[in-house]
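The structure appears right after this line, and notes come after that.
The values are calculated or read from the model by the stated rules, or taken from the named source; none is laboratory data. Just so we're clear, the structure is a prediction, and the values are computed from it rather than from any experiment. For neighbour counting, all protein chains shown are included, and Cβ atoms are generated from backbone atoms with ideal geometry for every residue, glycine included.
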Amino acid sequence: MFYKRNSEHHYRVALLASILLLVGCEKKLSSPPIAKNSDSTVTENQSAHSETEKPVTTDTAEKTSAAQTHQKTESGHHKSASKSSPRPLFKDWPAPKLAIILTGERRGYLEPCGCTQNQTGGVSLLANLVKKIEDQKWPVTAFDLGGLVKRNRRQSQIKYETILASMKDMKYAGIGLGPEELRFGADIFLQLHNPEPASPNTTPTFLAANILILETPDLGKSHFKIIEVGGVKIAVTSIIGKSRMEKVPDIVWQEPVKVLPEVIKKMQAAKPDLMVLLSQSDKEESKSIAEKLPVFDILLTAGGVEDPIGKPTFIGKTMMVDVGHKGKNAGVVGYYPESAAKDDPSKRFRFTVIELDKQRFQDTPRMAEHMQFYQDRLKQEDLAAKELPIDHPRGATYVGAETCGECHTKAYEKWLTTAHAHAYESLITGREDQKGQNVISRIYDPECLSCHVTGWHPQDVIRYKSGFVNKKESPHLLGQQCENCHGPGSGHIELVDMDKLEEAKKVMRVTLDEAKKKTCYQCHDLDNSPNFEFDSYWEKVKHPWRD
Ligand code: HEC
Ligand code: HEC
Ligand code: HEC
Ligand code: HEC
């Protein structure tokens, strides 16, 4: 679908059509939940995590993310696995007048992949946090900074819609825009646009005060939004900082401090109890905005660490917070208007960052429906087949492990006994310890296939031309095979046939040293294999034979 900037009428029609399109797809998404999560209470089964339960005064110290300091050769990256003393949610919090959930920089992490135990985060557990707060009868609303996706591909767009649909269910009231979603470009962005939501308190609105889409101020997003929850009136706006903005066609960036004063005036005209800024900027830039425009009560900034401990920074009356990346945590602000003077944010608010772990949070059936719908769309669009494949630099094609096994019988026999041989099946069954749970098959999901089948670039999630497409078309490339480590083998076999053994060996050669430095880490990265340790892992897959 194309939008012509020179024809006002043309794109109004197109915009209308696309809203209808969105509504159409939302319909499919919004069938009622199958079951209620009835057994969730706030105090049971809690676990250790990095919450700070009380606001702390001006202290910007942060715990560096475990993932950032973790050396790939150490074990025990996942903190929830290593600590286990339970910790109740919102310990010592009196009931606030309002709870505000803050998230951002999800970067495509819709749900944990299940590659390793004790992975945290995902919309399913987040929805359970919302429910737990509601169960306490605290009024609750939620905002997200944006940065919901990572790549700019068809899959990312489908995922974006899925995340938005889940946020709608979770009563998100406003969502900022990150550079990631702006990269989709103006057209796609308009398709998702919902300028006048029918029910403004529950429909996420795209917020962006300082970008112009197709040179039209009100297109594609709102400058700000006023919502009222539990008798608290909130005015919220969002900006993209200079530190985050990239050049995107049809999207014009404006200096936040130039645009915001006008927006602030309109926000203040509504006489809100709280002024909120979602700032897609690094912390320095966010701080400088808070200093120049000292009107915001709460400022959610981007650019923090992956797992923050939840210490706010106070800048005048503004409480600046960051809530981590990849959807592993959620920030919650408790609002206590009675307990202090308006200009003392350290008493008006409590703030905590909650790790979404499986000990304290249960899956939400409604979110599983979104996930299933997402997987169905990936299958329907047949992305693994349709997205443009690339040439392998070697110029050879993938032949499959069984063919290698015709000559390398022992290596093949050994491989059959390794986990690598069953990597495709894991996408259907999930982990051993997920048995009996309702695992949603991911065999059409390129972001899973890229490491679990043969002939893909694992990190870029791109298929090589002769790489795995689906079980029917490429049954010889199921699982994580020889050629993912050794490279495609057609040339090797030709050389063997021509009796050019030295050359034949050279093309396939992977040394132990290369493996240790590079080969394994293409897939055994910090997200998917945090406990990876070369020697013990190699021990399980080594195959020191040539016949
Ligand atoms: C970047 C590579 C990579 C991607 C992408 C990836 N995985 Fe994995 N996966 C791995 C690795 C490596 C392991 C083994 C981890 C270990 O044991 O240390 C694994 C293990 C698993 C396991 C556990 C298998 C078992 O029986 O123990 C499951 C289930 C799984 N992955 C599912 C998925 C799903 C679903 C996706 C897509 C959302 C996905 N993976 C994406 C690399 C990846
Ligand atoms: C037609 C038989 C044949 C097939 C099929 C075959 N190879 Fe080989 N391969 C050989 C021979 C012969 C050698 C040399 C053995 C020697 O050094 O004694 C060799 C050597 C190798 C080596 C050792 C390279 C080195 O470091 O010296 C690797 C690795 C290898 N092959 C991988 C593969 C893989 C992976 C496949 C499947 C894509 C494959 N081969 C398919 C015959 C074959
Ligand atoms: C193309 C991606 C890829 C590469 C490259 C790769 N692996 Fe894996 N590996 C996986 C996946 C996916 C799994 C999970 C398999 C499953 O579903 O059980 C896995 C699982 C394993 C396991 C089983 C772990 C367990 O818990 O038992 C070992 C051991 C292992 N890999 C070792 C290695 C080593 C050593 C290397 C490098 C020499 C390597 N892998 C390279 C994708 C890869
Ligand atoms: C996880 C990555 C990985 C997979 C999968 C893998 N290899 Fe290897 N292979 C290696 C590495 C690394 C070496 C080098 C070992 C060394 O130098 O000690 C190697 C060595 C070899 C050798 C030379 C053995 C020797 O000691 O001289 C052959 C032959 C071989 N592989 C064939 C295969 C075949 C056939 C398959 C599939 C059935 C396969 N490999 C699967 C990583 C892998």
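Data table
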{"item": "Subset of the range 304-321 that is free of Cβ contacts under 8 Å to residues at least 60 places away in the same chain and not β-branched (Val, Ile, Thr) - its residue that is farthest from LYS292 (Cα to Cα)", "result": "MET320"}
{"item": "Residue satisfying condition, being at pLDDT 95 or above, buried (at least 17 other Cβ atoms within 10 Å of the Cβ) and acidic (Asp, Glu), within set GLU483, GLU502", "result": "GLU483"}
{"item": "Pick from the range 395-426, criterion within 16 Å of ligand 1 (Cβ to nearest atom) and of a type in the set (A, V, I, L, M), ranking: nearest to the chain's Cα centre (by Cα)", "result": "ALA423"}
{"item": "Residue under evaluation SER166, criteria (1) touching a His at 6+ places or on another chain (Cβ under 7 Å); (2) free of Cβ contacts under 8 Å to residues at least 60 places away in the same chain; (3) of a type outside the set (A, V, I, L, M, F, W, C), criterion not met", "result": "(2)"}
{"item": "Which listed residue, of SER536, SER529, is within 16 Å of ligand 1 (Cβ to nearest atom), at pLDDT 95 or above, more than 25 Å from LEU383 (Cβ to Cβ) and polar (S, T, N, Q)", "result": "SER536"}
{"item": "The range 472-493 residues that are among the β-branched types (Val, Ile, Thr), paired with ones that are assigned to a loop (DSSP other than H, G, I, E, B) (beta carbon under 8 Å, 6 or more apart)", "result": "ILE493/VAL399"}
{"item": "Some residue of the range 459-469 being on the phi > 0 side of the Ramachandran plot and either within 16 Å of ligand 4 (Cβ to nearest atom) or surrounded by 14 or more Cβ atoms within 10 Å (Cβ to Cβ) (or both)", "result": "yes"}
{"item": "Matching residues, the range 258-283, being part of a helix (DSSP H, G or I) and either surrounded by 15 or more Cβ atoms within 10 Å (Cβ to Cβ) or charged (D, E, K, R) (or both)", "result": "LYS258, VAL259, LEU260, GLU262, VAL263, ILE264, LYS265, LYS266, MET267, LYS283"}
{"item": "Cross-chain or 6+ apart pairs with Cβ under 9 Å, the range 518-547 first and closer than 23 Å to SER450 by Cβ and aromatic (Phe, Trp, Tyr), then away from ligand 2 (no atom under 15 Å from the Cβ) and assigned to a helix (DSSP H, G or I)", "result": "PHE532/CYS520; PHE532/TYR521; PHE534/LYS516; PHE534/CYS520; TYR537/CYS520; TRP538/LYS516; TRP538/CYS520"}
{"item": "Residue match in the range 478-487 (condition: outside any loop (DSSP other than H, G, I, E, B) and away from ligand 3 (no atom under 16 Å from the Cβ))", "result": "no"}
{"item": "Filter result for ILE226 (assigned by TED's automatic domain parsing to the domain that holds GLY146, modelled with pLDDT of 85 or more, surrounded by fewer than 18 Cβ atoms within 10 Å (Cβ to Cβ) and assigned to a strand (DSSP E or B))", "result": "yes"}
{"item": "Members of the range 91-105 found to be more than 20 Å from ASP144 (Cα to Cα) and touching a strand residue (DSSP E or B) at 6+ places or on another chain (Cβ under 7 Å), listed by number", "result": "TRP93, PRO96, LYS97"}
{"item": "Of the criteria (1) more than 19 Å from HIS422 (Cβ to Cβ); (2) in contact with a Ser or Thr (Cβ under 7 Å, 6 or more places away or on another chain); (3) within 13 Å of ligand 4 (Cβ to nearest atom), which one SER529 fails", "result": "(1)"}
{"item": "When residues of the range 505-547 are limited to those that are part of a loop (DSSP other than H, G, I, E, B) and basic (Lys, Arg), the one surrounded by the most Cβ atoms within 10 Å (Cβ to Cβ)", "result": "LYS542"}
{"item": "Top-ranked residue in the range 433-453 [being closer than 14 Å to LEU378 by Cβ and in a loop (DSSP other than H, G, I, E, B); ranked as nearest to ligand 1 (Cβ to nearest atom)]", "result": "ARG442"}
{"item": "Criterion: touching a helix residue (DSSP H, G or I) at 6+ places or on another chain (Cβ under 7 Å), over 18 Å from ALA396 (Cβ atoms) and within 13 Å of ligand 3 (Cβ to nearest atom) - qualifying residue of VAL453, VAL541", "result": "VAL541"}
{"item": "Count of the range 415-443 residues which are under 22 Å from TRP538 (Cα atoms) and crowded, with 17+ Cβ neighbours inside 10 Å", "result": "6"}
